[in-house]
Amino acid sequence: MKVGAALGALLLAGTGCAIKTDSGSSSGGGSGTGTTTLTFWEYYQGTQLTWLQGRVKDFEAKNPTIKVNLVQATGQQFDQKLLASVATGTTPDLFINNIVVDYPTLQAGGVMADLTPYWDAYSGKKNFPENTTWTTDGKVYNLLPYTNLLGMYYNKDILQQYGIQPPTTLDEMTAAMTKIRAAGKYSGVALSGAPSVEGAWLFAPQFLGLGVNYCNLDANQAALSAAFQRVAAWRSDDALPRAAATWDQNASWQQFMTGKYAFGLNGNWQLGNVKKANFAYGTTQFPAPAGGKSQVFPGGEGYGIGAKSKNKDAAWKFLTEAILTPEAGESIYTEAGSIPVESQAADSDTLNKDPNAAPFVKAAQDTAAWPKNSQTAAMQQALGVAVSGVISGQTTAEAATSKAISTIDAAKQKGGGGCA
């Protein structure tokens, strides 16, 4: 799942991440030559890392008195390294983070500087949707300028063969799959139903557009039950194979690319891969639930400034000139496939010339809010286990509803009971 970059073995030694400046200082601050060096902890790989390195190079060329030292800090303990840096007073000047899982912990742990004064004075903020800023108690601590999110791919050849228009609602999608399955030639939908956060991420949009989320499931049991019943019906009609109960997003994508499925629920990161399909294809937003709208959770990396940084002004300058600009938004799309939320980038010819990107760009402007709770990952896991059980036939929709609500509520309480 592209909620955050994959984390491998931890490469940093010790809790600090201080670096040498031009004068030999290890403070990460200014040097005797008047050069400020910013430490930037990140875990990007592949095209994302290449993109970030390019942004740093351009920024340094325009700001010769500021150097940006990218420090690869990959590993499952990345958040713990950040938390430890608070105690030693060595928080990096800049860092990225798996915003969905780590934000509540990092903010509560004092890792993140309050960005409110900077954001309030930032003239470019008018070009960003509200969901760009991650706040606690009315203060801005983290920014999400680019996102990865879900939509629906469809096989044009199959739909045209049966005279079906691309569905925009879950009801239309169900009707389309019923018609296709009746002929017995093709399958309905390839999706991840794994008992994990991936399965949960794919399932949640069936109720998010109704205003239902992890924080109010107990008050909206009917909506959750209806979603489970829908999945159970897909399975009983063989529109969704039993094997999907273990598929992650890569496995489900491979199934869609066989040309045997009418629909594939997956993310914008597949826009490059779908060009290899041996069939005509298209994309739409995730089908909306009856009485609601299409809405999905955003994924991606958050950008923050270290609370203990002595170079907050320079760090903010880097963010505004290298990360938040329209040009940066266009380049991360072309180089890494992420969707920019900045309006000028989102409306640019770079994105608009690809009609298959349009549904993802539109979805990025109105995403659902993740719960700001340290046990968000546990909540997702509980939902993923429940939906996987329904697909595999090991549990009923009614039992899955009850179990998911109780387990998610327990996780929420463990995380302090709140969601905001």
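The values are calculated or read from the model by the stated rules, or taken from the named source; none is laboratory data. This structure is a prediction, so every number in the text was calculated from the model and none was measured. Neighbour counts are summed over all protein chains in view; Cβ atoms, including those assigned to glycine, are modelled from backbone coordinates with ideal geometry.
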Practice task
Select, from Thr169, Thr135, the only residue that is among the β-branched types (Val, Ile, Thr) and over 30 Å from Gln229 (Cβ atoms).
Solution key: Thr135
Completion exercise
Note on Asn155: of the conditions (1) within 17 Å of Thr258 (Cβ to Cβ); (2) at pLDDT below 95, unmet is (2)
Problem - the range 376-399 - residue that is β-branched (Val, Ile, Thr) and surrounded by fewer than 24 Cβ atoms within 10 Å (Cβ to Cβ) and, of those, farthest from Arg235 (Cα to Cα) - result: Thr376
Problem - Of the criteria (1) hydroxyl-bearing (Ser, Thr, Tyr); (2) part of a helix (DSSP H, G or I); (3) in contact with a strand residue (DSSP E or B) (Cβ under 8 Å, 6 or more places away or on another chain), which one Ser294 fails - result: (2)
Handout entry: Candidates Gly417, Gly304, filtered to the one that is on the phi > 0 side of the Ramachandran plot and either surrounded by fewer than 17 Cβ atoms within 10 Å (Cβ to Cβ) or of a type outside the set (A, V, I, L, M, F, W, C) (or both)
Key = Gly417
Handout entry: Residue check for Asp218: modelled with pLDDT under 95 and part of a helix (DSSP H, G or I)
Key = yes
Practice task
Select from the range 57-82 the residues that are surrounded by 19 or more Cβ atoms within 10 Å (Cβ to Cβ) and of a type in the set (A, V, I, L, M) and list them in ascending order.
Solution key: Ile66, Val68, Ala73, Leu82
